[in-house]
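Worksheet: one structure, shown below.
The values are calculated or read from the model by the stated rules, or taken from the named source; none is laboratory data. Keep in mind that what you see is a predicted model, and the values were worked out from it rather than measured. Because the Cβ atoms are built from the backbone with ideal geometry, glycine has one as well, and the counts that use them run over all protein chains shown.
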């Protein structure tokens, strides 16, 4: 969820830069052959779009709740139940999307590269957050001066 919130606060130009860095990072980490890359990237991009739509749907539900009630404590039990049920359905759809994604990946990449992909994505997120922390720290220091 924090990745999504972070992503919402950045400009389209910055999102495009991050996406380009992510593609370069994953490409480097996986060392894909041209044949693998040709098959892999459409699957990867489709999966990313699916997950992005699901994250937006989930966040939209939460934003509606907070917009209408400012505080969670002000939400009726039935509204909370509806939102939790909706979130549960979205989680189920994410799991289904992930299962389908791995089934497709198994057809185009060896298992070692699938593991490398998973690790590369985690490392990329970690590096992204580290850079964000450094940038925020720099901005705080500049404001103090």
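Brief remarks on what is shown
- Scoring residue 49 on the criteria (1) touching a helix residue (DSSP H, G or I) at 6+ places or on another chain (Cβ under 6 Å); (2) within 24 Å of residue 106 (Cα to Cα) leaves a single failure, condition (1).
- Odd one out for residue 88, checked against (1) within 26 Å of residue 128 (Cα to Cα); (2) exposed (fewer than 15 other Cβ atoms within 10 Å of the Cβ): (1)
- Residues considered: 83, 62, 18, 72. Of these, the only one that is touching a helix residue (DSSP H, G or I) at 6+ places or on another chain (Cβ under 8 Å), loosely packed, with under 12 Cβ neighbours inside 10 Å and at pLDDT below 95 is 72.
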